[in-house]
Amino acid sequence: MIQEALAEIARGTAEIIDTERIEKLLRGYFEEGKIYQVKVGFDPTAADLHLGHTVLLQKLATLQRYGAHVQLLIGDFTAMIGDPTGKSETRKRLDRHTVLEHAKSYQEQVFKILDITKTEVVFNSKWLEALGVDGLVGLTTLFSVARMLERDDFDKRYKAGQNISISEFLYPLLQGYDSVELKSDMEIGGTDQKFNLLMGRHLQRAYGVGKEQAILMMPILEGLDGVQKMSKSLGNFVGITEPANTIYAKILSISDELMWRYYELLSKRSLDEIAHLQKSVSDGSFHPKTAKENLALEIVTRFYNEESAKIAKEEFDNVFKANQLPSDIKEYEIETDCWICKALVDAELELSTSQARRDIQQGAVRIDQVKISDDQMKLCDGEYTLQVGKRKFAKVKVR
RNA sequence: GGUGAGUUACUCAAGCGGCCAAAGAGGGCAGACUGUAAAUCUGCUGGUUUAUACCUUCGAAGGUUCGAAUCCUUCACCCACCA
């Protein structure tokens, strides 16, 4: 029983630190019904969750089935410093109102996956504000600069002669201190958070919390481009609140190679089943497109339902296989005798008339499914369907 | 505090008085081919009612010049080294 649970928990993880401890927590649950605290941190700056977040969330949901109580930590205090992982720009401090709003929006999304009765939302400003300069200085004595510089990204930047600010040293310390306050038994995060996660362990020891959190690291999900990590700012994401049709279409646009990665990290199918599927595709007995469709259907179903997923697929096939128009196209009203380039801009299909002109010259623009080549034409009264490229549509009423 | 280097379009990065809306790469968009996949090939990639044209852009503001991303001055920011 415990071993089974452990195997399920370990599935897809990149690294686990202190498996013995996790085993102990599970034993406590199975034998005595003891629950334990699992910490996960979120930045309150981005309120839209995407598939990358769900890798963590799904793992948490699994843990919740085995006795975990989730501490969903909103890093409202640390967010203003900015995580040094990645680019560092001085961030604006968010006001209380905005933070609460983001947190609320998080909860709406998070509980599509997590069990609300086993989750608690906490804000680290609560204790970090109270920490004071005194406490902060105390905290900084517990870790050395040399060890801080061991951290991979600091090391690289230091050697490359790039700037590292003191506040960036504070970030992992404060995040680790959260684990002290929360007395977490386990923390889950992406592999890029390894240093920060370990800091929690280190500080729990230093502060004599009486336990050291186990660490569960999940791989970072690549974005739609298959190279960089999925993030909203890079625009390579699939948001979990996006329309079913969009989610479906985005999944279908990923490369075959990336599809297996998504299967591994997002699908609920067993690893054996996925391996089998992969084999069938590589020996040609199963079409990769079908495999991708199944994946897309599974993911859409998770956030909506089977019916919506089916409709999304039909819509997709209609538009891209049969070259028909999508069923819901935005409508715009345009004045008569409108220059085509201007109309394209007004219908929000193009950003500028110059761009519109270029696209027309390249044969990317269609009116009522017919390709046009004259960038000087005007639209007279009537209703038209404008299309730019393969996926941008708009209906216009000209009068 | 001293010395030196730097700030160019979405990103990196060339340019060092006119041929600069600004090389090149990446990214993005579009076309061909497809499974709206990848790979590949091609075109485009500041704006403007139609442009061997004009306008805005090369950290900011001034100046020199017929003419400046390029030279000078001041300011801001950033980095390294020395203290």
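The values are calculated or read from the model by the stated rules, or taken from the named source; none is laboratory data. Only a predicted model underlies this, so the values are computations on that prediction, with no experimental measurement involved. Here the Cβ positions follow ideal geometry from the backbone for every residue, glycine too, while neighbour counts run over all protein chains shown.
General observations
- Pairs, first closer than 20 Å to A:Gln324 by Cβ in the range A:356-368, second of a type in the set (A, V, I, L, M) and within 7 Å of RNA strand B (Cβ to nearest atom), C-beta under 6 Å, six or more apart: A:Ala364/A:Val388; A:Val365/A:Val388
- Residue satisfying condition, being more than 30 Å from A:Ser179 (Cα to Cα), touching a residue at least 12 places away in the same chain (Cβ under 8 Å) and part of a helix (DSSP H, G or I), within set A:Lys279, A:Lys250: A:Lys250
- Meets criteria (touching a helix residue (DSSP H, G or I) at 6+ places or on another chain (Cβ under 8 Å) and near RNA strand B (Cβ under 7 Å from one of its atoms)) for A:Val300: no
- For the range A:1-58, the set of residues classified as of a type in the set (Asp, Glu) and free of Cβ contacts under 8 Å to residues at least 12 places away in the same chain consists of A:Glu4, A:Glu20, A:Glu31, A:Glu32, listed by residue number.
- A:Glu242 surrounded by 15 or more Cβ atoms within 10 Å (Cβ to Cβ) and of a type in the set (Asp, Glu): yes
- Options A:Thr140, A:Thr117, A:Thr90: the member that is modelled with pLDDT under 75 and of a type in the set (Ser, Thr, Tyr): A:Thr90
- Residues of the range A:104-119 classified as touching a strand residue (DSSP E or B) at 6+ places or on another chain (Cβ under 6 Å) and either surrounded by fewer than 19 Cβ atoms within 10 Å (Cβ to Cβ) or aromatic (Phe, Trp, Tyr) (or both), total: 1
- Boolean, A:Ser327 is under 30 Å from A:Phe111 (Cα atoms), more than 10 Å from RNA strand B (Cβ to nearest atom) and among the small types (Gly, Ala, Ser): no
- Of the helices (runs of 4 or more DSSP H) lying entirely inside the range A:120-207, those containing at least 3 residues that are under 24 Å from A:Asp18 (Cβ atoms) span A:166-182, A:194-206.
- Residue within the range A:222-239 that is within 15 Å of RNA strand B (Cβ to nearest atom) and part of a helix (DSSP H, G or I) present: no
Results for (1) more than 14 Å from A:Tyr384 (Cα to Cα); (2) at pLDDT 90 or above; (3) touching a helix residue (DSSP H, G or I) at 6+ places or on another chain (Cβ under 6 Å), shown as yes or no for each residue.
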site	(1), (2), (3)
A:Gln324	yes, no, yes
A:Ile329	no, no, no
A:Glu335	no, no, no
A:Trp339	no, yes, no
A:Leu344	no, yes, yes
A:Ala347	no, yes, no
A:Thr353	yes, yes, yes
A:Ala356	yes, yes, yes
A:Asp359	yes, yes, no
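- Number of positions in the range A:136-147 that are over 23 Å from A:Asp43 (Cα atoms) and either over 31 Å from the mean Cα position of the chain (by Cα) or surrounded by 13 or more Cβ atoms within 10 Å (Cβ to Cβ) (or both): 8
- Total residues in the range A:379-399, condition exposed (fewer than 14 other Cβ atoms within 10 Å of the Cβ) and within 9 Å of RNA strand B (Cβ to nearest atom): 3
- Unique match (being at positive phi and out of contact with any Pro (no Cβ under 6 Å at 6 or more places or on another chain)) among A:Gly176, A:Gly190, A:Gly200, A:Gly226: A:Gly226
- Screening A:Leu349 with (1) of a type in the set (A, V, I, L, M); (2) near RNA strand B (Cβ under 9 Å from one of its atoms); (3) within 30 Å of A:Lys289 (Cβ to Cβ) gives one miss only, at (2).
- Yes/no for A:Asp374 being more than 6 Å from RNA strand B (Cβ to nearest atom) and loosely packed, with under 11 Cβ neighbours inside 10 Å: yes
- Residue list for the range A:251-287, restricted to those being in contact with a Gly (Cβ under 9 Å, 6 or more places away or on another chain) and within 13 Å of RNA strand B (Cβ to nearest atom): A:Ile254, A:Ser255, A:Glu257, A:Leu258, A:Arg261
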